Structures are given as structure tokens and as C-alpha cells.
Amino acid sequence: MSPLPEGVSPLLINGEVRHTDAAFPSVNPATEQVVGWASDASAADMDQAIAAARTAFDTTGWATDHALRVRCVRQLHAALQRHREELRELTIDEVGAPRSLTRMAQLDMPIDDLAWVADHAENYAWDRDMGESTSMGIRSFRRIHREPIGVVGAITPWNFPHQLNLAKIGAGLAAGNTVVLKPAPDSPLCATALIGLITDETDLPPGVVNIVTGTDHELGAILSRDPRVDMVSFTGSTATGRSVMREASDSLKRVFLELGGKSACIVLDDIGEGLPLACMYTAVAVLTHAGQGCALTTRLIVPRDRYQEAVALVAETMAANPPGDPHDRRTFCGPIISERQRDRVEGYLRLALTEGGDFATGGGRPDRDKGFWIEPTVITGLSNEARTAREEIFGPVLVVIPHDGDDDAVRIANDSPYGLSGAVHGGDVPRARAVAARLRTGTVSVNGGIWFGPDMPFGGYKSSGLGREMGTLGFEEYLETKSVGEAL
Ligand code: NAD
């Protein structure tokens, strides 16, 4: 066996920082250079992490010590703030996240949102007084008590690693659970960067947070299946979400799923002179992190008589923002995470042509020696029946589809296996609001409004998932409910 490279990031199991005898590289998608190496955990490592989380939950005061939990989440928040700038450079290198996006959901927002979670846990009403009642002849005082669910297995993707790792760890811990985090093999270092902060800068007891990196997706399957795990909190593709749910079914654990999307932006026919702004919003959404976001609006549904105009407007904005160096503060569209994902996106571009579509802009790779890149692409000439219009591409690719009025637009938007997000733009706000209300999606923006925030639940209808992350609802995903009756 060849010796391991220097500086391999460790696992965190039962408060111990430990290495395995295998390692894997994390590759910068903009340069193809190795950013660093991560420990490649085995099934035995995962077994120990689950055992540690179980013991910490069952045998320590963590689950009942509300003040300790709040303090630890605040300490983690403070540590992340102290290390924010190192994390920023790491995130740009490992994920190809443009610097501008690290000021938002790629780093600063998830760090700041931990403060909200700590405050929320501190002020949460763990007990609800239900008053007295007589039932079956017995007078009782009743209350509803909320308590942590137990051991949480958190499985996350690579596209917004801090947002997803911290949303799950933050709410999971603040609610009193213990956690095993299994990050994606494409972004291990954003997760292991937490290890030193947890061990050196917080009072988190051993076993309360465990971090297990590895290349084998089976690690996630073990976490989903193991009966010692009470809940699996998963974010990733719909196909993997189905597998997680199947694996979890024998032990009947709670399953929380945040999955894929193919969200629609509807422009109503009263948009008038607002069309350029509506198109700009949509083009920017699709450029965001090179389209590698689950909730981006990747279908633009426009009035038939404004179709050509809308295509020209989105194509102009997208062509004016070619993918660039993610370290450059002017870059908005970075690289695609890996060669495999780049090839997958290119497969969809070929499919679009086979299905009869055309490119109004893009459609290929930009001319760069290194890295994984796709030109921002606008596809025209396809109906919503086309696979390109139905399947999640996860690249900077927009499909523009014409509609014949509000009912038709709503029909097209809802004709999707997914239901994660959506947007409506119109001249008359009540009318736009009424159309938004008809969308079968977990989030929706009206005239460019922002639904994303620490106090706002996020999640999907249909094949986009089960449950909600963030906000009070997201916090309560990590809680059990105990109804108590005391005889008077
Ligand atoms: P993925 O489903 O391939 O992997 C996600 C995670 O699941 C990784 O950690 C992976 O190792 C693990 N995994 C893989 N196979 C597994 C199995 N059989 N059992 C358990 N775990 C397994 O997704 P990805 O390619 O990393 O991320 C992209 C996908 O994530 C897209 O579909 C995107 O829409 C989705 N996503 C959804 C949200 C949301 O909140 N709805 C947010 C971000 C990304």
C-alpha cells in the first residue's frame, strides 16, 4: 500500500480526531488541482460513529440540557465567524462556488443562520399546557411535551455544503439530538473543516457530533438502514432519496428528504414593460453556481406573443455572464463540480437537439484548458413534454416554453414530477399572487420576492421531498412529541 499523502483531513468519531488507512482527493473543479485529501472511511468507521452517537444520546445529559445545547450552537456559530475567511477560500476552491455566492447561501448565510437556530431553541416552548379534561371518568391535567428524536444521520450533497451541513447539524443539535454527518465525496473538506472548530472551540461533548467522510455511497446506505439511527435527514437527488427511504423502511425511522427540482418561472401576459426584469431574474437564477442548485427556476414559461423577446433577453444576460474564475469577485457562474457532472450536463445538451430544440445561446464548453465548464445555455423550441424540460439537469441550462394564458401557464408549471420552487412575474400583484397560490411547490417567489431565510421553511411537494428544513417547521422535524396526562 502506498503511503498516505500529507495533511489528510480526519474523521470525528466519539470526540476523537482519527485517520483511516485510506484517503481520497478533493479536486478543485476550476483547476483540476487537488485541494486536499480526506479520510476514506470504512463501514466499520461508520458503525463506530453510529455507536458513539447512540451512547451520547442515551447515556449523557445532552438530550435534556437545553442550556448546554444553546451554548454549544452559539459557540459553533462564533467559531465559524472567526474562521469565516479561511472557509471562504476553501469553499471557492473545493466547490467552485463563486466568491460572490459565498457572501450568500454558500457560506455567510448558513453561518449567520446558526444564531437564529440557537435563539429559536432558547425560546422554544418545549411544553404546551393543554389544560384539564375528563375522559373515561378520569379528570386529568394534560400537556404536550416536545423532545429530541435521538440519533440523526445527516447525508448531504456537494452543491451548497455549508448550507446543508449546518442546517442539519444546527437544528439537529439545538433540538437535542446527536448527529452523524456524512458529506458528499465531492466536498469532504467543507465538512471536515468543522472538526477542529467543534473539538477546540466548543463544549460539544464526545459523540454528539460525528463526521464521517468517504467515497463509498454505501456509508450513507448504512446510516439509512441502521436501527440505532432514529432519523435520516437527507438532501440530494430524488433517485438517492428513494433509496434512502427504502433502506430506512425496515427500521421505520423518520425520513426527511430534500430532493431535486425543475422549477418554473411564469411570466404573465400583463407583464408589460416588466419583461426585461423578469427575464433578468430568471437568467441570474440559472447562472447561480452554474445552475447547480435544487430550487433554481430552470423553466421559463412566457406568453406566446412575447416568446422571441423573452428568449433574446435571457440569452443576452446569460451570454454576458460566461463562467469564470470563482475567486474573481465579478464571477457569478463558476465551474461544474466534476467531470462526471459536466458530462451529464453535456448529455442533456445533446438530448435537447435530438428532441428538436435549439440553442439561443451556449450549448457547449467554453474554451478553457483546465476545469469542468459549461456555457450558460438557453434552449428553445421544446414543449414541456421533452425530457430536457422535465428532468433535472443541474447545469446552467434554461428551457423557454410558451404559454397561452394563466391556466395554461399553471398547467405547464405543475406538469412536473417535481415541486420544489417556482416564481411568478406579473403587472397586477393580486393576479400574480393568485397564480402563485396554484403552484404545487414548496416555495414560490412573486415578482422577485425572496422566500429563503432562517425562519422560512424550505422543502418540496411531490418528488422534491418530504418535510421542511429551516424555520420552526424545520426545527420540529428533529423532535418527537409526547402527550402526557396526569390524573388530578
Ligand atoms: P446524490 O443523491 O448523488 O448524493 C447526495 C448524498 O447522498 C451524498 O452524500 C452521497 O454520498 C449520498 N448517497 C449516495 N448514494 C446513497 C445511498 N444509496 N444511500 C444513502 N446515501 C447515498 O446527490 P448529489 O449529486 O450529491 O447532489 C445533487 C442533487 O442534490 C441534485 O438532485 C439536487 O437537486 C439535490 N439537492 C437538493 C436540495 C434540496 O434542498 N432540495 C439541495 C441541494 C441539492
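The values are calculated or read from the model by the stated rules, or taken from the named source; none is laboratory data. Because the structure is a prediction, the values reported are computed rather than measured. Neighbour counts are summed over all protein chains in view; Cβ atoms, including those assigned to glycine, are modelled from backbone coordinates with ideal geometry. Ligands, DNA and RNA are stripped out before the accessible areas are found, and what is left, the full protein with its side chains, is counted by its heavy atoms. Shrake-Rupley method; radii C 1.70, N 1.55, O 1.52, S 1.80 Å.
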Residues of the stretch 200-233 being open to solvent by 10 Å² or more (accessible area, probe 1.4 Å) and either assigned to a helix (DSSP H, G or I) or closer than 15 Å to Pro185 by Cα (or both), in sequence order, are Asp200, Glu201, Thr215, Asp216, His217, Glu218, Ala221, Ile222, Arg225
So Thr380 clears everything in (1) over 11 Å from Ile266 (Cα atoms); (2) among the β-branched types (Val, Ile, Thr); (3) surrounded by 23 or more Cβ atoms within 10 Å (Cβ to Cβ) except one condition, right? Which one?
(3)
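Rundown of residues vs (1) open to solvent by 50 Å² or more (accessible area, probe 1.4 Å); (2) among the hydrophobic types (A, V, I, L, M, F, W, C), yes/no style:
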residue: Arg299; (1), (2): no, no
residue: Arg304; (1), (2): yes, no
residue: Ala320; (1), (2): yes, yes
residue: Pro323; (1), (2): no, no
residue: Arg329; (1), (2): yes, no
residue: Cys333; (1), (2): no, yes
residue: Ser338; (1), (2): no, no
Tabulated pairs, the stretch 169-192, first assigned by TED's automatic domain parsing to the domain that holds Thr102, second within 15 Å of the ligand (Cβ to nearest atom) and basic (Lys, Arg), C-beta under 8 angstrom, 6+ apart or interchain
Val179/Lys168; Leu181/Lys168
Report those strands (runs of 3 or more DSSP E) wholly inside the stretch 113-184 carrying at least 1 residues which are more than 16 Å from the ligand (Cβ to nearest atom) and acidic (Asp, Glu).
127-135, 138-148
Test for Thr288: is it open to solvent by less than 30 Å² (accessible area, probe 1.4 Å), within 20 Å of Gly357 (Cα to Cα), of a type in the set (Ser, Thr, Tyr) and not in a loop (DSSP other than H, G, I, E, B)
no
Are any of the residues in the stretch 159-173 among the β-branched types (Val, Ile, Thr), within 25 Å of Cys72 (Cβ to Cβ) and touching a strand residue (DSSP E or B) at 6+ places or on another chain (Cβ under 7 Å)?
yes
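Every residue, every condition in (1) within 14 Å of the ligand (Cβ to nearest atom); (2) in contact with a helix residue (DSSP H, G or I) (Cβ under 8 Å, 6 or more places away or on another chain); (3) touching a residue at least 12 places away in the same chain (Cβ under 8 Å); (4) within 23 Å of Val314 (Cα to Cα), yes or no:
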site: Glu385; (1), (2), (3), (4): no, no, no, yes
site: Phe394; (1), (2), (3), (4): yes, yes, yes, yes
site: Val400; (1), (2), (3), (4): no, yes, yes, yes
site: Tyr478; (1), (2), (3), (4): no, yes, yes, no
site: Thr481; (1), (2), (3), (4): no, no, yes, no
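Would you confirm whether any residue within the stretch 306-313 is under 27 Å from the mean Cα position of the chain (by Cα) and farther than 19 Å from Arg344 by Cα?
Among the residues of the stretch 306-313, not one is under 27 Å from the mean Cα position of the chain (by Cα) and farther than 19 Å from Arg344 by Cα, which makes the answer no.
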Exactly one condition in (1) outside any helix (DSSP H, G or I); (2) not assigned by TED's automatic domain parsing to the domain that holds Pro188 is not met by Leu252; state its number.
(2)
Can Glu309 be described as among the acidic types (Asp, Glu), free of Cβ contacts under 8 Å to residues at least 24 places away in the same chain and surrounded by fewer than 24 Cβ atoms within 10 Å (Cβ to Cβ)?
no
Residue that is most open to solvent (accessible area, probe 1.4 Å) [pool: residues in the stretch 119-140 that are farther than 30 Å from Ala67 by Cα and of a type in the set (A, V, I, L, M)]
Met136
Please specify each residue of the stretch 457-476 satisfying the condition of being within 13 Å of the ligand (Cβ to nearest atom) and open to solvent by 20 Å² or more (accessible area, probe 1.4 Å).
Pro457, Phe458, Tyr461, Lys462, Ser463, Leu466, Gly467, Arg468, Met470
Enumerate the pairs (first residue in the stretch 407-428 and more than 18 Å from Gly467 (Cα to Cα); second residue anywhere and within 16 Å of the ligand (Cβ to nearest atom) and open to solvent by 40 Å² or more (accessible area, probe 1.4 Å)) with beta-carbon separation below 8 Å, excluding pairs fewer than 6 apart on the same chain, so at least 6 apart or on different chains.
Asn414/Arg440; Ser416/Arg390; Ser416/Lys462; Ala423/Val444; Val424/Val444
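Which one of these is within 14 Å of the ligand (Cβ to nearest atom) and farther than 25 Å from Arg365 by Cβ: Leu296, Leu252, Leu259?
Leu259
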Quick check: anything in the stretch 230-249 away from the ligand (no atom under 11 Å from the Cβ), in contact (Cβ under 8 Å) with a residue 40 or more places away in the chain and not polar (S, T, N, Q)?
yes
State whether one or more residues within the stretch 262-274 are more than 10 Å from the ligand (Cβ to nearest atom) and without any contact (Cβ under 8 Å) to a residue 60 or more places away in the chain.
yes
Kindly list the number of the only condition in (1) within 27 Å of the chain's Cα centre (by Cα); (2) free of Cβ contacts under 8 Å to residues at least 12 places away in the same chain that fails for Arg350.
(1)
